[in-house]
Amino acid sequence: MGVQINPSILSADFVNLESELARIATADQVHVDVMDNHFVPNLTLGLPVVRRIAQVSPVPLDVHLMIDDADRWAPAYAEAGAASVTFHAEATQAPVRLARELRAGGVRAAVAVRPATPVEPFFDLLGELDMVLVMTVEPGFGGQAFIEGMLGKVRRLRSAVTAAGADVRIQVDGGVSVSTIAAIARAGADVFVAGSAVYGHEDPAAAIAELRTLGDASYDA
């Protein structure tokens, strides 16, 4: 099972989303950042837009909820057509219950942790999850520099996943580029969110292919 490249439409042209989605048809999934201007200091899009994206996207939706009260809102994004829904550890009161509800709805359930949030509390809950997202920038805005200190968190998480024999993907979001993806893959991540590294390239398909090649060559769980 190779690495996955999930371009983030946070770096896309929001006025032309359907054509922007067509430009990343070779990706594994499209990463859709939902922000409410409360959990993070930015406002992007909500349920109606996500529902429409799901109808026209050539690849499945990897929805990342950077919103308050994820327990209330996350299931609605599953119903809107997401293939995977990621909620933040800091924004849920009952992560296991929420993950089970999402899975019961037929989508993959994932939890995300901000740079300052430890991942260790989830080591005993890996069986309840399909993916863990390690944020390698502060969530809220694209184009930030990768926080190298997060590689240790990825390594610890990979060791825990391996020890548990869990079928859990490790996703990294923030500062992923051709210059950082090899080190991140060596640390144990296998799903990569890339925004400006893909949409800032004149040929997004070529950028996706290069990132996938570099990630596959370096990933060794």
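Any read-out appearing in this document is the output of simple, stated calculations on the displayed coordinates, not a laboratory observation. Here the structure is a predicted model, which means the values were calculated and not measured. Virtual Cβ from ideal backbone geometry, glycine too; neighbours counted across all protein chains shown.
Fully extending the segment from Ala205 to Ala22 would add 64.9 nm, taking 0.36 nm per residue of separation and subtracting the current Cα-Cα distance. Average projection, convex hull of the Cα set of the range 173-221: 2.9 square nanometres. A cut-off of 5 Å between modelled amide H atoms, ignoring neighbours fewer than 5 places along the same chain, links Gln144 with Gly175. If you wrap the range 142-214 in the convex hull of its Cα atoms and look at it from every side, the mean projected area works out to 4.8 nm².
Could you let me know the centre-to-centre spacing of the range 120-162 and the range 49-106, using Cα atoms, in angstrom? Cα centroid to Cα centroid, the span is 18 Å. Compactness of the range 1-75, taken as the C-alpha radius of gyration over 2.2 N^0.38 Å, stands at 1.11. Label reach from Asp124 (point 7 Å along Cα→C-beta): in the range 77-99, amide nitrogens under 14 Å belong to 96.
Give me the mean projected area, in nm² to one decimal, of the convex hull enclosing the Cα positions of the chain. Walk me through the intermediate numbers first.
Details: hull surface 42.0 nm².
Reported value for the Cα convex hull: 10.5 nm².
What 222 nm value per residue comes from the helices of the chain, counting each DSSP H run with n ≥ 4 as -39,500 (n - 2.57) and dividing by all residues, nearest 500 deg cm²/dmol?
On the way: 8 runs with 76 residues, N = 221.
Value at 222 nm, helices only: -10000 deg cm²/dmol.
Computed from point charges on the beta carbon alone (+1 for Lys and Arg, -1 for Asp and Glu), the dipole magnitude for the chain about its Cα centre is near 340 Debye. Using a simple spin-label model with pseudo-atoms 7 Å out from Cα toward Cβ, His38 and Arg100 lie 2.6 nm apart. Amide H contacts for Thr136 (H built 1.01 Å from N in the peptide plane; partners 5 or more residues away or on another chain; cut-off under 5 Å): Asp173, Gly174.
Residue by residue, the range 3-11 carries 3J(HN,Hα) couplings of 6, 10, 10, 10, x, 9, 6, 4, 9 Hz when phi is fed to the Karplus relation 6.51 cos²θ - 1.76 cosθ + 1.60 (θ = phi - 60°); x denotes Gly or Pro.
Comparing mean-square fluctuations of Leu98, Leu45, Leu65 from a GNM of the chain with C-alpha springs under 10 Å, the top value falls on Leu45.
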